[in-house]
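Report on one structure; see the data block that follows.
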Amino acid sequence: MKQAKDSLRKIDSRMEHRSHDGFAPLAAGSATATPPVLDDADLDLVAALQVAPRAPLSALAEVLGSSASTVGRRLTRLGEERLLRVIGQVEWPMLSEGNPMHLWVATAPGQAWQVARQLSELPEIPFVATTMGRTDVYCSLHATRRTRARELLTTRIPSVPGVRSAHTELVLRATTKSASWRLRRLDDAQVRALREVADPVVEPTAVTGFGDDELRAVELLRQDGRASAADVARGLGISRSTAYRLTQPLLQRGLVRPRVEIEPALLGHPLEVVIELHAAPGAIQHVADALARHPSARYVSIVAGTSSVIHHGVFRDEDGLAELLTRDLAHFPGITACEVSVVLDVLRRYWIGRADGRLLSGDR
């Protein structure tokens, strides 16, 4: 464990000298003349990749009733237009000493966007957005070291110009993460066919005994979730067979989970919210498990703080959110209260900068 964290800290320290992931800082008020639009074939491809992110082009083409060359061109175009990227979601023990935190930041009038931008430049902030509701800015914090987390919470973040106050909730356990959210476009037969070619994943085991090559492979897969053994071999300067032996255990043990990174609004889910739920102790796990199965769920976590469960969800419209709040939550008698923050503008998601629905790219 210590060896893994020390090696990743070296990576983090190199990255702290620039915006995380090498992405350029966001420009205020940026806008595109024509917002990006995905057609039905694009949406079908996204849905297929969500089921099997590393599926060969031939398998994707067979399921979607297309040709491998057509699917390949479409996937390349979505990448070049900065609309889609397959990344590797890394298990928390590979990244840090502790779990992430939810953070709500109240700002001075008119300072929400500026505060969010400054927070988005901190390498320990994977997600940041302006919001309406409880506070002006919501973000997540995931520091490599516990001492760094304390420094950020007590000194660095409160000293950001425009910050008035901040409230933090510690994540104890996640019942679902973004890798599990699906665009529901494919039929059962298509999903079964894709699952047959998807990498089998078992529950993660202890994060111990990793050498530098394994950790470098983690970093490559984190950047490109579809990286082949040949890609890893070139990136690390090792043989293809060695690269295969390095990457397969990481994928099969679930230590790196490939997933599609794309803005939910492009998939027809423009309404994004963070809901804090208060529940009786005996109902907390039941509520979290049930919400993890809800079609809106992107990230559901049990937390330590003033609330019990945090539900980060996306919806097609306000009616969908109303159904969750007035009907679905009514089935859980253990819930005593809830508070909703509506996301206005996402500046960063999973350490990748965003602007107008596009992923800000650059060398890491």
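The values are calculated or read from the model by the stated rules, or taken from the named source; none is laboratory data. If you're wondering where the values come from, they're calculated on a predicted model, not measured in any experiment. For neighbour counting, all protein chains shown are included, and Cβ atoms are generated from backbone atoms with ideal geometry for every residue, glycine included. Remember, those area values only see protein heavy atoms, side chains included, never the ligands or the DNA or RNA. Shrake-Rupley method; radii C 1.70, N 1.55, O 1.52, S 1.80 Å.
Being open to solvent by less than 70 Å² (accessible area, probe 1.4 Å) and either under 18 Å from Val314 (Cα atoms) or assigned to a strand (DSSP E or B) (or both) is the filter here, so list the residues in region 135-169 that pass it.
Answer for region 135-169, where residues must be open to solvent by less than 70 Å² (accessible area, probe 1.4 Å) and either under 18 Å from Val314 (Cα atoms) or assigned to a strand (DSSP E or B) (or both): Val137, Tyr138, Cys139, Ser140, Leu141, Val163, Ser165, Ala166, His167, Thr168, Glu169.
Does Thr242 satisfy the criteria of being open to solvent by 30 Å² or more (accessible area, probe 1.4 Å), of a type outside the set (A, V, I, L, M, F, W, C) and under 28 Å from Met94 (Cβ atoms)?
Here the answer is yes, as Thr242 does meet what is asked.
Scan region 75-118 for residues that are assigned to a loop (DSSP other than H, G, I, E, B), open to solvent by 50 Å² or more (accessible area, probe 1.4 Å) and farther than 25 Å from His311 by Cβ and report the count.
Qualifying residue count, region 75-118: 6.
Where in region 224-339 are there helices (runs of 4 or more DSSP H), lying fully within it, with 1 or more residues that are under 26 Å from Ala129 (Cα atoms) and in contact (Cβ under 8 Å) with a residue 24 or more places away in the chain?
In region 224-339, 284-292, 318-323 are the helices (runs of 4 or more DSSP H) which contain 1 or more residues that are under 26 Å from Ala129 (Cα atoms) and in contact (Cβ under 8 Å) with a residue 24 or more places away in the chain.
Leu347 versus (1) without any contact (Cβ under 8 Å) to a residue 40 or more places away in the chain; (2) open to solvent by less than 10 Å² (accessible area, probe 1.4 Å); (3) out of contact with any His (no Cβ under 9 Å at 6 or more places or on another chain); (4) among the hydrophobic types (A, V, I, L, M, F, W, C): which is the lone unmet condition?
It is condition (1) that Leu347 fails.
Part of a loop (DSSP other than H, G, I, E, B), crowded, with 17+ Cβ neighbours inside 10 Å and among the aliphatic types (A, V, I, L, M): which single residue out of Ala55, Ala61 fits that description?
Only one candidate passes the filter, namely Ala55.
Condition check: at pLDDT 95 or above and of a type in the set (Val, Ile, Thr). Does Val37 satisfy that?
no
Of Ala322, Ala265, Ala280, Ala337, which residue is of a type outside the set (S, T, N, Q), touching a His at 6+ places or on another chain (Cβ under 6 Å) and surrounded by fewer than 18 Cβ atoms within 10 Å (Cβ to Cβ)?
Just a single option satisfies the conditions, and that option is Ala337.
Considering only residues that are closer than 24 Å to Asp289 by Cβ and either open to solvent by less than 80 Å² (accessible area, probe 1.4 Å) or at pLDDT 95 or above (or both), which ones fall in region 183-208?
If the condition is that a residue be closer than 24 Å to Asp289 by Cβ and either open to solvent by less than 80 Å² (accessible area, probe 1.4 Å) or at pLDDT 95 or above (or both), then Leu183, Asp188, Val191, Ala198, Val201, Pro204, Thr205 are the ones that fit.
Criterion first (among the β-branched types (Val, Ile, Thr) and out of contact with any Ser or Thr (no Cβ under 6 Å at 6 or more places or on another chain)) does Ile284 satisfy it?
No: the conditions fail for Ile284.
Does region 67-74 include one or more residues that are part of a loop (DSSP other than H, G, I, E, B) and without any contact (Cβ under 8 Å) to a residue 40 or more places away in the chain?
Yes.
Taking the conditions exactly as written (β-branched (Val, Ile, Thr), in a helix (DSSP H, G or I) and touching a helix residue (DSSP H, G or I) at 6+ places or on another chain (Cβ under 7 Å)), does Val218 satisfy them or not?
Yes.
Within region 324-342, can one find any residue that is in contact with a Lys or Arg (Cβ under 9 Å, 6 or more places away or on another chain), closer than 24 Å to Glu124 by Cβ, at pLDDT 95 or above and of a type outside the set (Phe, Trp, Tyr)?
yes
Return yes or no: is Ala189 in a helix (DSSP H, G or I), in contact (Cβ under 8 Å) with a residue 40 or more places away in the chain, more than 13 Å from Met101 (Cβ to Cβ) and of a type in the set (Gly, Ala, Ser)?
In short, no.
Every residue in region 230-239 that is crowded, with 18+ Cβ neighbours inside 10 Å and within 21 Å of Arg259 (Cα to Cα), please.
Matches in region 230-239: Val232 only.
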